[in-house]
Each structure stands twice: as C-alpha cells, then as structure tokens.
1. Students often get this wrong, so check it: of LYS158/LYS207; LYS337/LYS358; LYS49/LYS211; LYS45/LYS158; LYS45/LYS128, which have C-alpha atoms separated by over 25 Å?
2. Just want the ordering: MET143, MET233, MET42, from fewest to most Cβ atoms lying within 10 Å of their own Cβ.
3. Check ILE105: other-chain or 5+ apart residues with amide H under 5 Å from its amide H, H built from backbone geometry?
4. Sorted by mean Cβ packing within 10 Å, highest first, what order do the peptides 51-59, 91-99 take?
5. Computed FRET efficiency, Cβ-Cβ of VAL372 and GLU220, R0 45 Å: what is it to the nearest 0.05?
6. Going by the alpha-carbon gyration tensor, a ≥ b ≥ c the square roots of its eigenvalues, is segment 256-427 rounded (a/c under 1.5) or, if a/c is not under 1.5, prolate (a/b greater than b/c) versus oblate?
7. So if R0 is 51 Å, what FRET efficiency would GLN268 and GLN202 give, r being the distance between their Cβ atoms, rounded to the nearest 0.05?
8. For LEU118 and ASP338, calculate 0.36 nm times their separation in residues minus their Cα-Cα distance, and state this gained length in nm to one decimal.
Amino acid sequence: MSAPVNPLAEATKALSEIIASTPAAKRRGTLLIVDDEEGPRMSLKLIFKEQYDLLLADDGPTAIELAQNNDIDVAILDIRMAGMSGIEVLERLRFVRPNIEAIMITAFETTDTMRQALRLRACDYINKPFDLATIRSAVSQAMQRRVLESEIHNSAEKVHELLTELQNQRVEEQIAHTRGDIYASIIHDINGPLSVSFGFVQLLNQKINQKPKLEVQDLEFIKERLVSVERQMSNCIEIQRRYLGFLRQQSSDTAVAGVNQLLHDLEQLVRVHPSLQENEFRITPLAGEIAVKANGTDLIQILLNLTVNAFQCTPAPHRVEIGGEVIGTPLDLAQFKDGPNDRLLNVESMSNTVPLVKLWVRDTGPGIPAVVLPKIFDPYFTTKGPRQGTGLGLNIVQRLIKAANGALHVHTVADEGTTFTVYLPGAQLVK
C-alpha cells in the first residue's frame, strides 16, 4: 500500500528543486541588430554570431515584430534609417520590451539625437565607423547587465513562489494535523533564511537598476550576495529535512476527544504559563459530557493560543475566561456579519450539523481596533513587541479549526474586550 501524499513534503521537495535549478548554466542572450544597410548589418552578424542568439531587421516594423515574438536582451539600432528612425524604433521597443538594453550607432551625430537616445535610456552611443573593440565592449557590458538583471528577477520570482507555496492551502492543511510547537518551528525557521534571501535579491535588483553600467566592484558585490542567498537556501533544505523526519512520526488520523477532559488539561498548562502573570483566569467546564470531531492536541493548541493571545492583549491586569456549550440546532450563518467589530472565518468549510460544540475565550482587554481586525489572522502579523511573539498564533488557530471543519467568530468592542468563539462538530463521548 502506497504512503499517503504529504503536502508539506511536496512543498519542501519543490523548494529543493528550485534551489537545485538556481545555478543553471548562463544563457547566451539574444541580440537584435537593426540597420537598413546590409553591409553594417552583416558585419555585426559576423562579429557576434558565435557569442549570442541573433535577430536581424532591415527596418523598424520588422524589428518591432521580432521584439513582440522573441525575448530580446540587447538591441543595436542605427539612428538614420529609411521610414522609422532608430529613435522611433527604440521608443516603440520600450513599450514591447521595457527592460531591453539599447546601443545606438550613427554616422551623423547631433546633440538632439543624443538627447533623445538618453531620454529613452540608451546605454551607449557609438559613431560610425566603429572599431571592433568598441562595439564588442559596448554589447558585452549591455548583455552582462541585462542577463544579470534577468537572473536576479527570476530568483526573486522563485523565492516569492516558494513563500506562496509554503502558505498555500495544501501546506496549511498538513500543518494543521501535526502536533505542538512544531507548527511555529517549521514556518518560523524556514521563514528566517527565506526573508534574508528575499532581502538580498531586492538589494541586488536595486543596485543593478541604479547603474547604467556595472563596474568590477559591482560584479564582486553581486557575486558575494548570491553566495549568501545560496547559503540561506541550503539552510532551508536542512530545516525541511529535519522537520520532515518529525512529521513522518506523527499520526494524521482525526480522533474524537472529550471536551471537558481537554479543558482540564488546558487549565494545567495555563496555570504555569508565563503569560498568566497577575491576570485573572477561569475555565468553566461544559454542563454535560460531549466530544468533538478533532484531534485533542489540536484543540488544546487552539485554545492555548487564544488564551495566551488574550493574556498579552494588554500589560494591565485583566480577566480571561474560557467556557462553552452544546448547540442543538445548526447555526444561522446569516446573523454573522463581518464589520468593524466582527469577523467569521472558515464558513465555507464548516460542518454545520448538530450537535455543535461552542467554545469561547473571552477577555476584558482594550479590544481590537477596526483597522487591525482584518489582519490578525495573516501569518507573521503582530502588534506585540519583537520578544513577545512571531505573529503565527492566530494563523495557526485558523488553520487547525479549518482542518477540523469548524468555524471561528471574533467579536470585539473597544475598552470592553474581545471574544473568540470556536464552533466544532460534536460527537458522542466514547468511554
């Protein structure tokens, strides 16, 4: 019997593949040569045919059509051509390929044409007849700049795709079935090197865009930062291997757990939790015995995260209460309206069949500002200090409730407090 598909393993496998593909061989680059005279056009072809992929055009419309159908890195444009001038062609090319590098060549240099070329961000301006060393150097520098810019852009996209993949639905559902603090550890540990890498990529992109030509020291700067990015990506691979080892030891079966027993276990954890401090805390068990169709450890994690969040909503001493009840009729979802004081999450995946277990965590803190309320379940969002939290607690709560086919309602009032209410499918308690 084949092993079940592990979404987190798939995501981290994708990470490994992305990293493995990063140092791929550099591409040749594509050079567009635009000149209405065959002699200069063929001369440039002979000079560069061994170095780059070449596209040749004898007029402006042909050049623009080639640009529309091909990825072009650098264009050499003769300024004086019949029909469209090189300046006009470059202006059109900027609409088709905004990042193309352009080298202008002309036998009739004027101040006006130079000014127009600079306005259109031409990287070089060469007079005819040009010598071999000059044209080679100009194209080499332009191509080097364009290829590096393209590679860094691709690296930024890969990092962004990876961050998205780690937060997508499949990964969220898999994380929701793991146990304890491993949730925060996986996301927090991997997010560190990913954030560092993304910062380096942005820095490199900024540096390249600021300079029309790259000097030797610029290339050394880029190489050093790319080495750092590679090192951080290696850290990600090691982290995912370590946690995958933990995940293979976990059971993904959904259990039926007695609510009052879990509340008793939760109370023991909260009584020794450092966030309790001088706050008043009370748990009221349900009037009757009932279970929920959820993993017991997950439910403890949900309530513990909500409780700690309630303790930390203000440094002033306040009261936090946990209680609940059994609901014998399906929820009337129409009564829940998102607004400045309320949010209802996971309705689309909720199992709204009786019996339902309603559990709440209520505090008498300052409430949640309306501008902050829509953001509180976003990963890494926090209003606390740097030593008080990672911004993962409420995001984990939402994931776990969704995995258990439940819903979460938040009601908050300024200067009165906040109530997080969890709705979960109930089940008969098996003794």
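1. Numbers: LYS158/LYS207 19 Å; LYS337/LYS358 18 Å; LYS49/LYS211 28 Å; LYS45/LYS158 35 Å; LYS45/LYS128 16 Å.
Those over the limit are LYS49/LYS211; LYS45/LYS158.
2. Numbers: MET143 20, MET233 23, MET42 13.
So the ranking, lowest neighbour count to highest, is MET42, MET143, MET233.
3. Amide H to amide H, under 5 Å and 5 or more residues apart or across chains, ILE105 pairs with LEU77, ASP78, ILE79, ILE126.
4. Details: 51-59: 16.8, 91-99: 15.1.
Top of the packing list down: 51-59, 91-99.
5. On the way: r = 44 Å, r/R0 = 0.98.
In this case the efficiency is close to 0.50.
6. Numbers: a/c = 1.62, a/b = 1.22, b/c = 1.33.
In terms of gyration-tensor shape, oblate.
7. Values: r = 46 Å, r/R0 = 0.91.
Here the calculated transfer efficiency is 0.65.
8. Values: separation 220, 0.36 × 220 = 79.20 nm, distance 5.30 nm.
Working it through step by step, the gained length comes to 73.9 nm.
Each reported figure results from applying straightforward, stated rules to the coordinates on display, with no laboratory input. All figures in this text were calculated on a predicted structure; none of them were measured in a lab. Please note: Cβ atoms are built from the backbone with ideal geometry, for glycine as well, and neighbour counts cover all protein chains shown.
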